[in-house]
Each structure stands twice: as structure tokens, then as C-alpha cells.
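Data first, discussion second: the structure below is written as C-alpha cells.
The values are calculated or read from the model by the stated rules, or taken from the named source; none is laboratory data. This one's a predicted model, so the numbers in the text were calculated from it and none came from an experiment. When we count neighbours, we look across all protein chains shown, and the Cβ atoms used for this are built from the backbone with ideal geometry, even at glycine. These area figures cover heavy atoms from the full protein model, side chains too; ligands, DNA and RNA do not enter into them. Shrake-Rupley method; radii C 1.70, N 1.55, O 1.52, S 1.80 Å.
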Amino acid sequence: MSISGAAVGSGRNIRRAVEFGKTHVVKPKGKHQATIVWLHGLGDVGSSWSQMFETLPLPNIKWICPTAPSQPVSLFGGMPATAWFDVVGISENGPDDMEGLDVAAAHVANLLVNEPADIKLGVGGFSMGAATSLYSATCFALGKYGNGNPYPINLSAVIGLSGWLPCAKTLAGKLEEEQIKNRAASLPIVVCHGKSDDVVPFKFGEKSSQALLSNGFKKVTFKPYSALGHYTIPQEMDELCAWLTSTLGLEG
């Protein structure tokens with residue numbers, strides 16, 4: 001399952017340069033133990049989430065909330081919007097915008113690469129941001145991006161809210177090496193999805209978690225919410241806070 005990405009460029013597969021928007025940082029109010037990059041959904045900006053993270057009872061986490069580039073989106077008929085990569089529409093079998101995913105995942109890694117060595121690192125997001133986060137999880141396990149460049153970050157937690165797993169159908173057979181299997185098996189991932197989601201169907205979240213589990217990601221938690229649409233609710237955020245506190249061993 002994926003939301004299909006447009007074919008990029010032609011012939012030599014050239015992609016135009018993208019310019020990321022403003023990055024918002026929420027500093028830890030207590031002892032700094034973890035840093036998480038959080039990725040917004042299609043058409044949104046980083047500040048929408050940074051304002052909420054200011055209020056969460058997670059004093060040991062530093063949140064980095066970047067803003068995606070404004071770029072043409074096929075789903076909107078080529079009209080520009082803040083997007084981590086290009087999407088055409090809802091599809092079980094459509095192609096993924098691999099180059100766009102790699103650009104976004106590399107931007108996330110670059111935001112984390114200079115964090116102190118003793119700080120646990122994570123990535124999370126909502127909708128398209130969740131897709132980028134789950135793609136980053138596969139890059140971490142494989143030790144490289146889709147383009148073959150090495151993945152430089154050691155992830156300790158991945159969060160996907162109301163999203164999907166890009167490239168799920170091409171994962172099979174890629175996670176056979178012992179080192180790769182160990183990275184996949186050790187990475188905690190939480191996938192949350194509302195059964196009333198009318199933008200990214202519930203089955204996308206459910207099948208994404210199943211695809212991760214079937215490919216050797218052993219620490220996947222799937223949380224369904226019966227009345228939840230394409231947004232967040234206090235119960236979901238409360239359970240996310242509890243999961244992060246436990247998973248990252250936060251002092252509270």
C-alpha cells in the first residue's frame with residue numbers, strides 16, 4: 001500500500017532543487033535525553049506542531065519541526081503546496097516518488113546528525129510526514145537510502161500518525177543480512193490510525209504495520225482509534241507520550 005508518487009523528470013530522471021521552509025525548535029524543559037524530528041502533513045507548516053509540543057508533558061525531549069518545500073503536487077493538479085514528496089492519489093499499487101522520499105529523509109537525518117552522542121534520536125510525523133518517517137525507518141534498517149547513499153543516523157524511535165509506509169511492496173528480500181535484520185528488529189515503531197480517516201484510509205495504516213512486522217521489524221505497535229478521522233485527539237497524544245516515555249527511558 002502506498003500513495004502513489006509521480007514519475008519525476010524524464011530520461012535522466014532530473015529533479016528540480018527544493019528549498020525547505022522554516023524549522024521550529026522546541027527546547028527541552030528538563031534534562032535533554034532525546035531529540036525527535038517531527039514532520040507535518042501535506043500543505044501544513046512546522047509551527048502547527050511545534051506549538052502543540054510546547055504543551056506536552058515530555059520535558060526531556062527536544063522537538064525539531066521543519067517545514068517542507070513548496071513544490072508542485074500532482075494530487076492538486078500540479079499546484080504548489082508544502083510537501084515532503086510528490087503524490088498522485090490513493091493507490092494500493094502505484095509507484096512511489098523515490099527521489100522525493102530520499103531528499104526528505106536526508107533532510108531529516110541532517111537535522112539530527114549534530115545532536116550530542118548520548119542523545120537518543122527519533123523521527124515522527126502526521127500523514128505525509130508519517131510516510132516520510134516510516135520510510136526513514138526502512139532506510140535506517142537497510143543502512144542506506146533508496147539511491148544507495150549511506151544512512152547516517154542511529155534511530156531509537158519512529159512514529160507514524162494517520163500515514164502509510166512507502167515502498168512496502170519492495171521491502172521483501174531486502175532485509176536478509178544479519179546486520180540489517182538486527183537493526184530492523186531492534187527499532188521501536190508506533191503506528192496510529194483512525195478508523196474514520198477519510199483522507200488516508202484506515203487500511204493503509206493497518207497494512208503498513210503488518211508489512212513492517214512481516215519484514216522483520218519486531219517492535220511495531222499498532223494503535224487503532226475507532227472514532228478518529230484525519231486529525232489527532234487527546235487520547236492519541238496521551239498514549240504517544242506514554243509510549244515515548246517508556247520506549248526512550250525518559251526520566252519524566
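Annotations for the structure displayed:
- Solution diffusion estimate, µm²/s, Stokes-Einstein, the chain, Kirkwood Rh from C-alpha pairs, 10 °C, viscosity 1.306 mPa s: 88
- Amide H contacts of Ile119: none lie under 5 Å away among residues 5 or more positions distant or on a separate chain (H built 1.01 Å from N in the peptide plane; Pro and chain starts excluded).
- Within the stretch 171-243, the proportion of C-alpha pairs whose separation exceeds 20 Å stands at 38%.
- In the stretch 152-218, the GluC sites (Glu not before Pro) that fall in loop regions by DSSP, at most 15 other Cβ within 10 Å: Glu176, Glu177
- Counting only protein heavy atoms and a 1.4 Å probe, the chain has 43 square angstrom of accessible area per residue.
- From phi via Karplus (6.51, -1.76, 1.60), per-residue ³J(HN,Hα) for the stretch 238-244 in Hz, x at Gly/Pro: 4, 6, 5, 4, 5, 5, 5
- Approximate spin-label separation Phe76-Cys241, in nm, with each point projected 7 Å along Cα-to-Cβ: 3.3
- The distance between label points at Glu178 and Val199 comes to 4.5 nm (points 7 Å beyond Cα on the Cα→Cβ vector).
- Surface share of carbon and sulfur [accessible, 1.4 angstrom probe, percent] for the chain: 52
- Charge-dipole axis of the stretch 40-108 as Lys and Arg at +1 and Asp and Glu at -1 on Cβ define it, positive-most pick from Asn60, Thr82, Leu42: Asn60
- Volume of the convex hull of the stretch 119-164 (Cα atoms only), normalised per residue: 61 Å³.
- Amide proton proximity set for Gly194, modelled H, under 5 Å, gap of 5+: Ser162, Tyr225
- Total formal charge among the other residues, if their Cβ is under 13 angstrom from that of Lys218, Lys/Arg +1 and Asp/Glu -1: +3
- Across the cross-link table entries Lys27/Lys144; Lys169/Lys223; Lys27/Lys207; Lys174/Lys218, which are compared at the Cα atoms, the separations over 24 Å belong to Lys27/Lys144; Lys27/Lys207.
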